Amino acid sequence: MYIDTSEICDLYPDNVDVMDPIFMHFGGIQAFHGKITTVKCYETNGLIAEMLEEDGNGRVLVIDGGGIMRSALIDADLAQLAADNQWEGIIVNGAVRQIQELAQIDIAIIALGAFPVGAVDEMAGEADVPVNFAGVSIYPDDYVYSDTTGTIFSETILDLSRDFDSLSDNEND
């Protein structure tokens, strides 16, 4: 499905929350969407690895690392695990590492930045809890739509195919 967050905001202004533009793209895919699963953890990625071992089935993992930039929560191995298990994307409120390798993996990854030190491989944190960062509250089972322009969230799935077709038709008149 084609994603254009600008058009989504025009079509559904009362149904979306827009994330502050403080994230950068690191994965091999730039635009993505899916149902959200959340993880809240700080400087540990054992719970993240456990979640990414599940069948992603088109979901997006939203990781609230507290904005901490002194250890990377996602590396090339975890990104490849996510891609292999059909996750659509990963949003990291924190750092990633091995960015040259991340760019070659068929998954969308956005994060605050990169840092070469990895997180501790320890099981700590919470899964499927509400998180709040970058100006938005994010709940498990919400939906995310992201491209290089921005990232937006909705409580409900948005019907984009029909609306984008009609919007494009109107612009060509």
Applying the gyration tensor rule to the Cα atoms of the range 101-153 (axes a ≥ b ≥ c; rounded if a/c under 1.5, else prolate if a/b exceeds b/c, else oblate), the class is oblate
Nearest 10, in degrees from 0 to 90: the angle of helix 161-171 to the longest Cα principal axis of the chain is 50
Classified through the alpha carbon gyration tensor (a ≥ b ≥ c as square roots of its eigenvalues; rounded if a/c is under 1.5, else prolate when a/b is larger than b/c, else oblate), the range 1-100 comes out prolate
One finds the C-alpha centres of the range 32-84 and the range 116-155 to be spaced, in Å, by 9
CD proxy, 222 nm, the chain: helix-only mean residue ellipticity via -39,500 (n - 2.57) per DSSP H run with n ≥ 4, per residue, nearest 500, stands at -5500 deg cm²/dmol
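Can you check what the net charge comes to around Asp17, using other residues whose Cβ is under 11 Å from the Cβ of Asp17 (Lys, Arg +1; Asp, Glu -1)?
-4
A short reminder: the numbers here are calculations on the coordinates, not readings from a lab. Quick caveat, the model's predicted, so the values are computed rather than measured. Ideal geometry is used to build each Cβ from the backbone, glycine not excepted, and the neighbour counts take in all protein chains shown.
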